[in-house]
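The values are calculated or read from the model by the stated rules, or taken from the named source; none is laboratory data. Predicted model only: the values in this text are computed from it and were never measured. Note that we place each Cβ from the backbone using ideal geometry, even for glycine, and neighbour counts take in every protein chain shown.
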Amino acid sequence: MAITVVDYNAGNLTSVMNALKFIGADAKVSRDPDEIAKATRLIFPGVGAAASAMETLTKTGIGEAIKAVVKAGNPVLGICIGCQIILEESEEDGGVKTLGLIPGRAVRFKDEPGLKIPHMGWNQVNFTREHPIMKGIRSGCDFYYVHSYYPQVPAEYSFAETTYGTQTFTGLLGKDNLIASQFHQEKSGEVGLAMLKNFCDWQI
């Protein structure tokens, strides 16, 4: 089953496509909202700012196309900014309304003495609930992060947590056929590739 990777000028596509190629996945990149809306399996990656991402998603119609795939019940994976954009809002730039697919908001790390923002590098991800995307992966493995904002969601939508400084945040969240990670699977070595493979094999 082919995987469609969303291109909305938010970068990070090469790393995602290289990782999918490495695990033998049949994947294609698309910025055509009609094509995206018909995807049977979708990855929504990206890095950058919520406001510019939402502007592009709105102007191109890609945002509505992503909503259509979620509504159709097909598997969808959000990565990094793709994890934050599926929430209701981001506090970035004074407040940005986002896609509203899962209750919650993206919030900035609080300043702490000695704490570098953005949070950049490897950090431990502790699973709090089971999900098919975690199959065969041990809780407590390290995944790669690059972000200044993180998803704040009700506990029922949180599947894994990470602690940075004194702040514990949701690193993996989901609802029904939608799953999203703040960390980058495509930059997380063997465990990241294993999680991408699990997503490719996930049957709703």
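What to note about this one:
- The residue list 98, 128 contains one member that is among the β-branched types (Val, Ile, Thr), touching an Asp or Glu at 6+ places or on another chain (Cβ under 7 Å), within 28 Å of residue 36 (Cα to Cα) and modelled with pLDDT of 95 or more, which is 98.
- Every residue from segment 1-22 that is under 13 Å from the mean Cα position of the chain (by Cα) and over 19 Å from residue 75 (Cα atoms): 10, 12
- Count of segment 148-190 residues, restricted to those that are under 10 Å from the mean Cα position of the chain (by Cα) and of a type in the set (Ser, Thr, Tyr), is 1.
Residue-by-condition table, conditions (1) in contact with a Leu (Cβ under 9 Å, 6 or more places away or on another chain); (2) crowded, with 22+ Cβ neighbours inside 10 Å:
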position	(1), (2)
6	yes, yes
31	no, no
36	yes, yes
39	no, yes
52	no, no
55	no, no
59	no, no
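- Near pairs, Cβ below 6 angstrom, 6+ apart or cross-chain, from segment 71-87 (over 10 Å from residue 46 (Cα atoms) and surrounded by 24 or more Cβ atoms within 10 Å (Cβ to Cβ)) to any residue that is modelled with pLDDT of 95 or more and basic (Lys, Arg): 75/41; 87/105
- When residues of segment 38-51 are limited to those that are touching a residue at least 40 places away in the same chain (Cβ under 8 Å) and not in a loop (DSSP other than H, G, I, E, B), the one farthest from residue 118 (Cα to Cα): 43
- Count of residues meeting criterion [touching a Pro at 6+ places or on another chain (Cβ under 7 Å) and either on the phi > 0 side of the Ramachandran plot or outside any helix (DSSP H, G or I) (or both)] in segment 52-89: 5
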